[in-house]
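Below is one structure, written out as structure tokens, with a few remarks after it.
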Amino acid sequence: MTNKNEITSLMTAKNILKMACLSGAALVFASCRGQISEKPPVHPNMNMDQQPRMEAQEVNKFFEDKRSMRQPVEGTIARGLLKSDVAYYEGTDANGEWIADIPVEVTKELLYRGQERYDVYCSVCHGGTGAGDGIIMTGNYGYVPAPTYHQDRLREAPDGEIYSAIYNGVRTMPSYATQIKVEDRWAIVAYIRALQASQNVSEDEINDYDVDVNELQNEYKAEQERLAALAEARKPEKETEASVQMGEQLVGQYACGTCHNEDGAEGGIGPTWKGLFGSTAQGIDAEGNTISITKDETYIRESIVAPGAKKTQGYEQGVMAPYDYLSDTEIESLVLYIKSLSDN
Ligand code: HEC
Ligand code: HEC
């Protein structure tokens, strides 16, 4: 039996509960409203969201070899890594002979992809047309010369052999297998074939195609002119006045300091510049005769644009590349700067 009093007290208890629930809910909602907190979020149900794990290369004492990174079980291959198609992956047939033809469909897209990848990875050495005259080869950096693709041996080489140069490397050329995906290697092979065809075609052969050679040549010329005009327009405005400041900036830009110093220290790759201007030294001219060199402006200028013309004794020849592509103002500025290092 409940009396009236009991009922009222129950009612109030209910009300209190209600209110508590409401204010609880209010708190929950309020705390969701765009408030920023540095504390980790409340995460009542873990749901296996966080579990113990090993970092890459971490020590794991559980295993005898203490590596957390396990080797694949011997005789197994992870899903998706089976490379049973040797022609595609290695460029050889079942007997290990290079395959004659690219094992994927050669489309225009593949060729364009090949061109793009070739320009990234190969042109620096093999050159834009594959003539072996890439920028690294012309700069006297001491690299083994890259061969031209436009020779009979490489024209006749099976596609698999060209692929192998990328995949395995060849003699002094390193493998590019880690940088270049399989599909892209074949794309490059296709592009090299296109380069070879482009450099080894007679006018008669071109005439066999339904193209107007003159029109093509005019198109090419127009494109070259357009590119030259673009390059000209993009050239930053050169400061017209030569200055010591500009010279100093160029010395930094071209890292002359790798070989030259300005503090008079001996034993650098190139002669120190301190006190260089106005000094005299024993040297050798282009014919190998011993001469006395006065290091005046003319000599310094010549040393920058044509280092081979006269040699300072005691320094290796051909180490310094000619900076003959610099503008007159830039060379003048370098001379002024080097000169300034001899002002007492
Ligand atoms: C760092 C310079 C360099 C780069 C970059 C380079 N090569 Fe070479 N390549 C060489 C040199 C050097 C050789 C000659 C190796 C030798 O005979 O010792 C060579 C040789 C070759 C040959 C001839 C192989 C033969 O049988 O004689 C092919 C084909 C070739 N490279 C393709 C490529 C392709 C494709 C790329 C880009 C993925 C590439 N190279 C990138 C330097 C380079
Ligand atoms: C890779 C090293 C190297 C770099 C980089 C280099 N030089 Fe040289 N330089 C030499 C060597 C070696 C000689 C001396 C051999 C010779 O006479 O050809 C030399 C000689 C000179 C000389 C004549 C010095 C003398 O006493 O006869 C001048 C001037 C000169 N360099 C200026 C420059 C300038 C300017 C730059 C940067 C734009 C530069 N060099 C970058 C190696 C370098």
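Every number in this text was worked out from the coordinates using simple rules, so none of it is lab data. Because the structure is predicted, anything quoted here is derived from the model rather than measured. Note that we place each Cβ from the backbone using ideal geometry, even for glycine, and neighbour counts take in every protein chain shown.
Tabulated data
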| quantity | calculated |
| --- | --- |
| The stretch 149-196, residues that are charged (D, E, K, R), farther than 22 Å from Asp85 by Cβ and more than 8 Å from ligand 1 (Cβ to nearest atom) | Asp152, Arg155, Glu156 |
| Cβ pairs under 7 Å, 6+ apart, first in the stretch 309-327 and more than 7 Å from ligand 2 (Cβ to nearest atom), second basic (Lys, Arg) and not in a loop (DSSP other than H, G, I, E, B) | none |
| Selected residue (criterion: surrounded by the most Cβ atoms within 10 Å (Cβ to Cβ)) from residues of the stretch 238-289 that are aromatic (Phe, Trp, Tyr) and in contact with a helix residue (DSSP H, G or I) (Cβ under 7 Å, 6 or more places away or on another chain) | Trp273 |
